[in-house]
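Structure first, then comments.
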Amino acid sequence: MGMHKDQIIQTMKETQNNCKLNTDAVNTHYKYLKYEDRISEITILYFLNEDDKCALIRKMCDYSNINDVLAELNTTYKSTGKDTWEYTDGGKTYNIILSEEDWFFTVTTRVKEEK
């Protein structure tokens, strides 16, 4: 979160070599980077603000990955309830929400809204 577009591209090349940038489909309403794994089970969207910095991450996965994703979320982040986690980085707190859909599940990360 908060990384510039160029930094996201570099980080993905270095750490997620199983995912490739997909520039085939373009939505003109949003600025984003779309990554897909080689077997089309995982899609990651990095939504960018007007300064090309990441404002939201949405990771959509096939249910065959749910146990691995839950294990990663539970060991990496602080659980704040059913299917929700949070972490703090650079003085900002971020929410992570897992949502189950019919054919896939989604993990959304964004800055926690102050109440």
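Rule-based calculations on the coordinates, nothing more; no lab input. Quick caveat: nothing in here was measured; it's all calculated off a predicted structure. Virtual Cβ from ideal backbone geometry, glycine too; neighbours counted across all protein chains shown.
Values for this structure:
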quantity: Positive-pole candidate from I39, F104, T75, dipole of the chain, charges at beta carbon; calculated: T75
quantity: GluC sites (Glu not before Pro) restricted to DSSP loop in region 33-68 with at most 12 other C-beta within 10 Å; calculated: E50
quantity: Out-of-range pairs (alpha-carbon distance over 25 Å; input K59/K112; K82/K112; K53/K92; K53/K82); calculated: K53/K82
quantity: Area projected by the alpha carbon convex hull of region 5-111, averaged over all directions, nm²; calculated: 7.6
quantity: Footprinting exposure proxy for H4, H29 (fewest neighbouring C-beta atoms within 10 Å first); calculated: H29, H4
quantity: Gained length - W103 relative to L70, 0.36 nm times residue gap less alpha-carbon distance; calculated: 10.2 nm
quantity: Cβ-derived FRET efficiency at R0 25 Å, D83 paired with K5, nearest 0.05; calculated: 0.30
quantity: Low-density loop positions, chymotrypsin sites (Phe, Trp or Tyr not before Pro), region 1-63 - DSSP coil, at most 16 other Cβ in 10 Å; calculated: Y30
